[in-house]
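J.: Quick one: the structure is below, and I'll ask about it shortly.
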């Protein structure tokens, strides 16, 4: 794996140094969920894992970011450590032996509930029935909500005005 936008020039920011971690995990999950892609994806992951391992260990603690050479690139940080750990963990897990998530046709037993339990048939547990208290919204409720909203808006506008003039 190579972070093409920054790695060749050595200008990767902290975020870009961790992108290989996410990509390796996503590719491993793809190989698991789409078995027809396993043979395409895994050789790339294996080569990247070898490259990452080659960047780790010059000082016994840190890993570099450039995985296409075994000569330490001198970078170190959380992103490099995350990326190296993610790719090595991917190789420890044989995704070919993992079964994809269950579906209706492969033994899944979940039943959908489009009403989200609001039809009364599944609400309340031991209490039974619909135990949600509902009441009508009154004029006093509307006036109170309006007053609170106006107060928050005045606070925000006043604070913003003060910051602009005081700055």
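J.: Take the residues of the range 6-49 that are out of contact with any helix residue (DSSP H, G or I) (no Cβ under 7 Å at 6 or more places or on another chain) and part of a loop (DSSP other than H, G, I, E, B): which is surrounded by the most Cβ atoms within 10 Å (Cβ to Cβ)?
T.: Of everything passing the filter in the range 6-49, 12 is surrounded by the most Cβ atoms within 10 Å (Cβ to Cβ).
J.: Please go through the range 97-113 and pick out each residue that is closer than 23 Å to residue 41 by Cβ and either in contact with a helix residue (DSSP H, G or I) (Cβ under 6 Å, 6 or more places away or on another chain) or without any contact (Cβ under 8 Å) to a residue 40 or more places away in the chain (or both).
T.: The answer is 97, 98, 99, 100, 102, 103, 106.
J.: With the requirement that a residue be part of a loop (DSSP other than H, G, I, E, B) and under 17 Å from residue 23 (Cβ atoms), what does the range 65-92 give you?
T.: Within the range 65-92, 65, 66, 67, 68 qualify.
J.: Right, here's the next one. Please pick out the residue among 105, 58 that is modelled with pLDDT under 85, in a helix (DSSP H, G or I) and surrounded by fewer than 17 Cβ atoms within 10 Å (Cβ to Cβ).
T.: 105
The values are calculated or read from the model by the stated rules, or taken from the named source; none is laboratory data. These numbers come from a predicted model, not from an experiment. Neighbour counts run over all protein chains shown; Cβ positions are idealised from the backbone, glycine included.
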